[in-house]
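A.B. asks: Sharing a structure, written as structure tokens. Questions coming.
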Amino acid sequence: MDWIADTQWLWWVAAALVLGLIEIASLDLVFTMLAAAALAAAVAAGVGLSFPLQVIVFVVAALILLALLRPLLLRRLNLTGPAVPTNSDANVGQRAEVITQVTDRSGTVKLRGEQWSARSEDPAQPFPPGEILQVIRIDGATAVVAPR
């Protein structure tokens, strides 16, 4: 049973590694703070403190890190920036060249090098091939276009 007391620090390090892996999946900095607290408890175990004191070191370190360091890091990282449009949302506002006549029911355009089905936003206005339009919105897999 002496090997358990001799390797307590190693168990804390293993807990820190597991918490670090969980942080990779969550990216919220909570598990990073808990991993750092587990490392503090590993140091406490390395200097010979009893297990109840190691747990107290872990809890106190976790509370301090979560209450003080995490908010500072979140502000520094500025994780609340503007959202960047991706996928089909990134096509809104882009230039599109008419391939086949675009009406309010059918047509195709070349959008960012790809052929898209398209329809006119204005039912009374068809667009002939070669005309340059702007994508107003994406409805499913169809680009809704209007004059630039």
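A.B. asks: Among [x] 13.6; [y] 10.9; [z] 8.0, which is the computed mean projected area of the Cα convex hull in nm²?
C.D. replies: Only one option fits the structure, namely [x].
A.B. asks: May I ask for the percentage of alpha-carbon pairs in segment 2-77 that lie more than 17 Å from each other?
C.D. replies: 45 percent
A.B. asks: Just order 43-54, 121-132, 99-110 by mean Cβ neighbour count inside 10 Å, highest at the front, would you?
C.D. replies: 99-110, 43-54, 121-132
A.B. asks: Please report, in whole Å³, the volume per residue of the convex hull around the C-alpha atoms of segment 90-148.
C.D. replies: 63 Å³
A.B. asks: Taking the Cα centroid of segment 97-144 and of segment 44-64, what is the distance between the two, rounded to the nearest whole Å?
C.D. replies: Computed from Cα coordinates, the inter-centre distance equals 65 Å.
A.B. asks: What helices in the chain pass both tests, a Cα length along the helix axis of 15 Å or more and a mean Kyte hydropathy of -0.5 or higher, using whole DSSP H runs?
C.D. replies: Within the chain the helices that satisfy the rule are 8-26, 30-46, 51-64.
A.B. asks: Further, regarding this structure: If the chain between residue 74 and residue 87 were fully stretched, how many nm would it gain, using 0.36 nm times the residue separation less the Cα-Cα distance?
C.D. replies: Gain on stretching residue 74 to residue 87: 2.0 nm.
A.B. asks: Just from its helices, what would the mean residue ellipticity at 222 nm be for the chain, if runs of 4 or more DSSP H residues each count -39500 (n - 2.57) and the sum is divided by every residue, rounded to the nearest 500 deg cm²/dmol?
C.D. replies: Dividing the helical sum by the residues of the chain leaves -13500 deg cm²/dmol.
Read the figures in this text as sums done on the coordinates, not as results from a lab. Quick caveat, the model's predicted, so the values are computed rather than measured. Ideal geometry is used to build each Cβ from the backbone, glycine not excepted, and the neighbour counts take in all protein chains shown.
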